[in-house]
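J.: The structure is given below, and queries will be raised subsequently.
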Amino acid sequence: MSAWRVRDFHSDDLDQAVAVWEQSRPTGSPAPVFGFAEAVSAVRAGQPAVVAVAAEEVVGVAIARVDGERAWIQVIALDARWRNRGVGSSLLAGLERRLRGLDVRRISAVLPEDATGSVAMRNSGYHVRTDLTYYEKVEHAAGDAGLLAALGGRMLPPGLWDLLAGMEAEKEAIEHRIVLPLAHPDVADRYGVVPPKAAILFGPPGTGKTSFAKAIASRLQWPFVELFPARLAADSDGLAAALRATFSDLADLDEVLVFIDEVEEIAGVRSGRATDPSHAVTNELLKTIPGFRERGDRLLVCATNSVRALDPAFLRPGRFDYVLPVGPPDRTARAAIWRRYLGPAADDVDLERLVGASELFTPADIEFAARKGAQAAFEREVRDQRGEPATTADYLASIADTRPTLTTDAVTAFAEDIEAHSRQ
Ligand SMILES: Nc1ncnc2c1ncn2[C@@H]1O[C@H](COP(=O)(O)OP(=O)(O)OP(=O)(O)O)[C@@H](O)[C@H]1O
Ligand SMILES: [Mg+2]
């Protein structure tokens, strides 16, 4: 393996640093004192942090938090392949250099016994204090409001549903199968309709899956809690344990819509190796769903661009009530979406031409092109002051300037996915 160097932590390093931190802790090792989430917030707050990089890859990370003359080392982690090569000591040296610049006089760390980095600490002149006991008390947030905030949840404004233009087929399916039974559980019960507890939305990027999930929460006026696997992975006990803990917290909410985007990241086809960490995570999610389904007034929505990459066990009936496509907008939908983003300008342009020119555009592409066209017209007006509205040509130019997200291949693949996977 080639050379490595230590440099300041950049925000782009975060994902790799999390990965190094995750795998630098042997399974079954005691939880560290500082969770990675705490360390991440230290970095975000501009606290000193360094990484070791080899061939552009992060192989080690050290993060501290300074309080006056005192600094706590919150993270010291090494890629397993880079242990015992002096990387840990160099990380410490780099971190210390920054701490000295901040007039830090005393640097402390509390590490689990034999944790990665403990050799480096000893080699770098840190004294081991065995005459101390570490005390810890964890306070839990009280009440739904506190719990909701702790879960990163929030109430969304009413009316999001009506902001979704076009997409009539999707809107109808989602409204009839999901929103109405949840909004009218008594009527549903009288007719023997069981309100859904979980649904998957699949479709190409930018077609509105996230927007639909939010719009459902907005219509039901249920709190919206999005789970971010990457953030959960930063929990000191690992992703599977964090999922379990989060779903146990969610059970305390009276009503909630839980959203997991890009669910293929955590419920992808399993490698079959029981040691694969993603295997444990997929299993955890599979185990969590039945418990989630037992209680009323809650809905799990998972979104994916790649339904075919999902673990078949995940898609088996019994877990998700519906697997619904959210597809590319057809002409009618594109017209509605253009109209929505053009606003008053819709009356001044040849909508049919814009619709025709924006084939393979997703709603997100149309939103983007509409904004660009409006911006161009605005700039012309500021320059020339001729009182001229935005024209069809402005928007045709912005369409030509926008690369469509969809390809004919993607549309074909989506049609195959509907055939193979949708359940509505
Ligand atoms: N039907 C619609 N009408 C108007 N705007 C829409 C519609 N659908 C999506 N949009 C807009 O397009 C953008 C992308 O939508 P969204 O993020 O919901 O797509 P997505 O399917 O979740 O994409 P990704 O797969 O990339 O996560 C958002 O700004 C949203 O407001
Ligand atoms: Mg999305």
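J.: If you take the C-alpha gyration tensor of the range 331-405, multiply each eigenvalue by 5 and take the square root, what semi-axes do you get, largest first, in whole Å?
T.: 21, 13, 9
J.: Compute the separation of the alpha-carbon centres of the range 229-261 and the range 25-88 and state it in Å as a whole number.
T.: Each part's Cα centre sits 24 Å from the other's.
J.: Further, regarding this structure: Can you work out the Karplus-derived ³J(HN,Hα) for every residue in the range 299-304? Use 6.51 cos²θ - 1.76 cosθ + 1.60 with θ = phi - 60°, whole Hz, and x for glycine or proline.
T.: Result, ordered by residue: 9, 9, 10, 10, 10, 8 Hz.
J.: Within 10 Å of each candidate Cβ there may be at most 10 other Cβ atoms; applying that plus a DSSP loop requirement, which GluC sites (Glu not before Pro) in the range 349-382 survive?
T.: Listed in order of number, the matching sites amount to none.
J.: Under 8 Å for C-alpha pairs, at least 6 residues apart: give me the relative contact order for the range 4-123, rounded to a whole percent.
T.: Value for the range 4-123: 28 percent.
J.: Let me ask something additional. If a/c stays under 1.5 just call it rounded; otherwise compare a/b with b/c (prolate if a/b is bigger, oblate if not). Do that for the range 4-123, with a ≥ b ≥ c from the square roots of the Cα gyration tensor eigenvalues.
T.: Verdict is rounded for the range 4-123.
J.: If each residue's Cβ is checked for other Cβ atoms within 10 Å, how do VAL104, VAL281, VAL382 rank with the fewest at the top?
T.: VAL382, VAL104, VAL281
J.: Could you count how many Lys pairs in the chain have their Cα atoms under 17 Å apart, skipping same-chain pairs fewer than 8 positions apart?
T.: Final tally of qualifying lysine pairs is 4.
J.: Restricting to Cα pairs below 8 Å that are 6+ residues apart, what does the relative contact order work out to for the range 331-405? Please round to a whole percent.
T.: Taking the mean separation of contacting Cα pairs over the length of the range 331-405, I get 39 percent.
J.: Sticking with this one: How long are the three semi-axes of the equivalent ellipsoid of the chain, in whole Å, if each is the root of 5 times an eigenvalue of the C-alpha gyration tensor, listed from largest down?
T.: Largest first, the chain gives 45, 30, 21 Å.
J.: What percent antiparallel are the DSSP beta bridges of the range 143-328, to the nearest 5?
T.: The answer is about 10 percent antiparallel.
J.: Separate question: Restricted to Cα positions, what overall size does the range 59-136 have along the principal axes? Three whole-Å values, descending.
T.: 35, 31, 21
J.: Normalised by the residues of the range 169-249, what does the relative contact order come to in percent, with Cα pairs under 8 Å and at least six apart?
T.: Once divided by the residue count of the range 169-249, the mean separation gives 17 percent.
J.: Mind listing which GluC sites (Glu not before Pro) in the range 26-67 are in a DSSP loop and have 15 or fewer other Cβ atoms within 10 Å?
T.: Within the range 26-67, the qualifying GluC sites (Glu not before Pro) (loop, at most 15 other Cβ atoms within 10 Å) are GLU56.
J.: Okay, moving on. Show me the trypsin sites (Lys or Arg not before Pro) within the range 135-203 that DSSP assigns to loop and that have at most 12 other Cβ atoms within 10 Å of their Cβ.
T.: Counting only loop positions with at most 12 other Cβ atoms within 10 Å, the trypsin sites (Lys or Arg not before Pro) in the range 135-203 are LYS137.
J.: Once you have the Cα-Cα distance between ASP8 and GLU22, take 0.36 nm times their residue separation minus that, and quote the gain in nm to one decimal.
T.: Gain in length upon complete extension: 3.0 nm.
Since every read-out is calculated from the coordinates, none of them should be taken as a lab result. No experiment lies behind these values; they were computed from the predicted model shown. Ideal geometry is used to build each Cβ from the backbone, glycine not excepted, and the neighbour counts take in all protein chains shown.
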